[in-house]
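What follows is one structure encoded as structure tokens, with my remarks underneath.
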Amino acid sequence: MEKQWSEMTWQERREERFKKWLTPAAPISPAMEKLYKERLTRMIKAIKMEIPDRVPMHLAANSFVAYNNGHTLYDVLYDYSLIKPDWIKFLEDYEQDSADAPGFFAARVYELLDYKVNAWPGHGLPKTSTMHNFVEKEYMQADEYDLFMKDPFDFGLRKFTPRTWGAFAPLANIPSLSSYSGLPERLMMMCQDPNFKKLFKAIMEASDENVKYQKVMMECAQESLKRGFPPLMGGVMLAPFDTVADMLRGTSGVVKDMFRQPEKLLESLEIIADNSIKSTVGMVNMARSPIVFVPMHKGADSFMSVPQFEKFYWPTFRKLILGVVNEGCVPMMIIDGSYNEARLKIISELPKSCVIWTMEKTDMALSKKILGNSACIAGNVTAAMLYTQTPEKIKEYAKWLIETCAPGGGYILALGSGIDKCDPKNLHAVVEAGLEYGYYK
Amino acid sequence: MSGDFINLLADLKEEEVLKLTKERLDAKEDPLKILDDAREGMSIVGKRFAGGEYFLPELVFSGELLAQVTNLVKPHLTGEGVQQKKIGKVIIATVAGDIHDIGLNIVDFMLDVNGFEVTNMGVDVPVEKIVKAVKEIKAPVLGLSGFLTPAFDAMKETVEALEKEGLRKGLKIMIGGGQMDDEVCKYAKADAYGKDAMAAVALTKKWYGVE
């Protein structure tokens, strides 16, 4: 009899998820299916720190996809018809071992619902801007930790959502819905309120718009699949400290809390970790790929000291990582900024080969030295390099990366961060290096 | 009292610092002396940061303490002698297309406590505005901040516009923020890249020829 999920080890669960990933989500031609499996096998071997035929490559390109085809970010945000041709050109221009859909966002939907957390070209930023900006604020007040911890749903519904989405402002004025009785009556009362009628209308309009946007994204994902590119991103999560520091309290807010109310902060990080495990695994269950994308922000060298990292950042992040790993997911971290030796040593203490660490500016030789026996590493052709260097220099650097990080397996050639603009020749140089120097003999 | 105050501020003891500020004001101490002490405490914070003992949380929190002390002291200033002598002017701005201000504001107060007169133009500042400010304020040092990659070109365009207006000569330009480095500095044709707020202070001091 087959083993039940509850009896499996994390490795066995991951194998189950890998099997699902190795099967394309929709039928494709036999030749492309072969290519899909080749590419994905390369990725999976790198993750498991085994030796693939060649170093896998992953190019997270973001708004570069538009610029690569002569468009701007503003163009594609407001004219969906440009997205698919841009995406196809990107897929055909650059060989890599995975590709999802473009990393744009539904600006029109955000506009209809008055989303306040992002600024983008034409909306809080000049139309010529090549990237969106995150609007960091204290969306949770210093004295709201108890409220947040006691009832995260209520906090989300009546505090966080109305503060971050203008259209949802009426939710700030309703009584709590966290009661077992009277819910139908209360929902009816809400429907009678003209403010809510306006909100429901906005939601309907935004949903219609979102359908249009998602249709294009689905088509792009199909184009990737048709060309034998396996999807990479199965879910997203944030380190609990980043959840507070990015989304809830902002950098200034969280810093004050580190000094004024560290216990409350730590307690809420535990709750966030527990909740994030559930929501992340839920996301991955619905996806093809078991990879969980984890952009990491405020635990880096330039943000906090190592003792602060050990106290505030790592324990609950580690708990979250192990929680999703235990369910067979593969967290793929992207470390913004850089990690020094002490930090690398701390993160190296996870079970072998259960995660991927993508480096932005961290010294890759040091990463290989310290994480080489612990986990797959990826990176780090930086955005600054792609912007300012020549193709020759980039190729040389990518060659050095391969020579330094690939021996023994466990390396993915990747960018240090998403990019907006750069000379396409520079991105080609990365791919060329991968194809020329990346084969294992 | 003064020595305690300076050390308590440098050690980020919020309650004690605020209590002592109130006591000193109640004792009719010269409010300017309190502000001077606050600056001295902040300069210890800066040194500890440069020495690797303090990090961003301590810097941000020290800025918060300084703001609170300043707010307590302000109503007691008579207006005379409020302006202490400044070393010179510096303009700082986050470039167009970028709205990040945390680093910018740290640079602001760190330059201020180190004796510079800072014009903080805020975030997403268009090229023309910076050119106009350099022309009008006549500051010999300009600090450009940016967190994301679009800032590379925005910085370059700003520097080029200053060149075109004939304002580049005699102007020192430093850049800093998330994605910046020495390569970007060269690309943007700036004079120096500073990795943090204390580097901005050191560069400004160097260019002003002060210790």
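Things worth noting here:
- Hits in segment A:334-346 - residues which are surrounded by fewer than 24 Cβ atoms within 10 Å (Cβ to Cβ) and out of contact with any Pro (no Cβ under 8 Å at 6 or more places or on another chain): A:G337, A:S338, A:N340, A:E341, A:A342, A:R343, A:L344, A:K345, A:I346
Each row is one residue, and each column tells you yes or no for (1) outside any loop (DSSP other than H, G, I, E, B); (2) buried (at least 16 other Cβ atoms within 10 Å of the Cβ); (3) away from chain B (no Cβ under 14 Å); (4) not charged (D, E, K, R).
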{"residue": "A:K127", "(1), (2), (3), (4)": "no, no, no, no"}
{"residue": "A:M131", "(1), (2), (3), (4)": "no, yes, no, yes"}
{"residue": "A:E136", "(1), (2), (3), (4)": "no, yes, no, no"}
{"residue": "A:M140", "(1), (2), (3), (4)": "no, yes, yes, yes"}
{"residue": "A:D146", "(1), (2), (3), (4)": "yes, no, yes, no"}
{"residue": "A:M149", "(1), (2), (3), (4)": "yes, no, yes, yes"}
{"residue": "A:F153", "(1), (2), (3), (4)": "yes, no, yes, yes"}
{"residue": "A:R158", "(1), (2), (3), (4)": "yes, yes, yes, no"}
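- Test: residue in segment A:41-51 that is on the phi < 0 side of the Ramachandran plot, in contact (Cβ under 8 Å) with a residue 12 or more places away in the chain, part of a loop (DSSP other than H, G, I, E, B) and polar (S, T, N, Q): no
- Whenever a residue of segment A:399-412 is hydroxyl-bearing (S, T, Y), its partners that are part of a helix (DSSP H, G or I), lying with C-beta atoms within less than 7 angstrom and at least six residues away or across chains, give the pairs A:T404/A:M364; A:T404/A:A365; A:T404/A:K368; A:Y411/A:A46; A:Y411/A:C405.
- Residue match in segment A:338-348 (condition: closer than 21 Å to A:V284 by Cα and either modelled with pLDDT of 95 or more or more than 20 Å from the chain's Cα centre (by Cα) (or both)): no
- Residue count for segment B:145-191 satisfying the condition of being of a type in the set (A, V, I, L, M), within 14 Å of another protein chain (Cβ to nearest Cβ), more than 17 Å from B:L203 (Cα to Cα) and not in a helix (DSSP H, G or I): 1.
- Some residue of segment A:399-418 being within 12 Å of chain B (Cβ to nearest Cβ) and among the charged types (D, E, K, R): no
For every residue, the table says whether it meets (1) at pLDDT 95 or above; (2) in contact with a strand residue (DSSP E or B) (Cβ under 7 Å, 6 or more places away or on another chain).
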residue: A:M131; (1), (2): no, no
residue: A:F134; (1), (2): no, yes
residue: A:F153; (1), (2): no, no
residue: A:T161; (1), (2): yes, no
residue: A:G166; (1), (2): yes, no
residue: A:S181; (1), (2): no, no
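- Of the residues examined, B:G52 is not one that is crowded, with 20+ Cβ neighbours inside 10 Å, within 14 Å of chain A (Cβ to nearest Cβ) and not charged (D, E, K, R).
- Scan of segment A:202-227 for residues that are under 21 Å from the mean Cα position of the chain (by Cα), surrounded by 12 or more Cβ atoms within 10 Å (Cβ to Cβ) and among the aliphatic types (A, V, I, L, M), ordered by number: A:V216, A:M217, A:A221, A:L225
- Of all the residues in segment A:239-266, those that are more than 21 Å from B:E14 (Cβ to Cβ) and not hydroxyl-bearing (S, T, Y) number 7.
- When every residue of segment A:374-385 is checked against the conditions, none turns out to be within 14 Å of chain B (Cβ to nearest Cβ), of a type in the set (G, A, S) and part of a loop (DSSP other than H, G, I, E, B).
- On inspection, B:D11 does not qualify as modelled with pLDDT under 95, surrounded by 13 or more Cβ atoms within 10 Å (Cβ to Cβ) and not hydroxyl-bearing (S, T, Y).
- Only a single item in (1) out of contact with any His (no Cβ under 6 Å at 6 or more places or on another chain); (2) buried (at least 23 other Cβ atoms within 10 Å of the Cβ) is not met by A:Q389, and it is number (2).
- Residue check, B:G176 surrounded by fewer than 17 Cβ atoms within 10 Å (Cβ to Cβ) and outside the structural domain of B:G52 (by TED's automatic domain parsing): no
- Test: residue in segment A:103-125 that is under 22 Å from A:G434 (Cβ atoms) and not β-branched (V, I, T): yes
- Residues being of a type outside the set (V, I, T), closer than 23 Å to A:K45 by Cβ and under 18 Å from the mean Cα position of the chain (by Cα) - total across segment A:349-361: 3
- Answer residue from segment B:125-144, given it is in a helix (DSSP H, G or I) and within 15 Å of B:D98 (Cα to Cα) and is nearest to the other protein chains (Cβ to nearest Cβ) among those: B:V127
- Qualifying residue in segment A:90-100 (condition: free of Cβ contacts under 8 Å to residues at least 60 places away in the same chain, closer than 30 Å to A:P407 by Cα, buried (at least 17 other Cβ atoms within 10 Å of the Cβ) and out of contact with any Phe, Trp or Tyr (no Cβ under 7 Å at 6 or more places or on another chain)): yes
- Scanning segment A:279-328 for residues that are surrounded by fewer than 23 Cβ atoms within 10 Å (Cβ to Cβ), out of contact with any Leu (no Cβ under 7 Å at 6 or more places or on another chain), within 11 Å of chain B (Cβ to nearest Cβ) and hydrophobic (A, V, I, L, M, F, W, C) turns up A:A300, A:V306.
- Among the candidates A:P184, A:P162, residue that is in a helix (DSSP H, G or I) and exposed (fewer than 15 other Cβ atoms within 10 Å of the Cβ): A:P184
The values are calculated or read from the model by the stated rules, or taken from the named source; none is laboratory data. Just so it is clear, the structure is predicted and the values come from calculations on it, not from any experiment. FYI the Cβ positions are ideal-geometry reconstructions off the backbone, even for glycines, and counts take in every protein chain you see.
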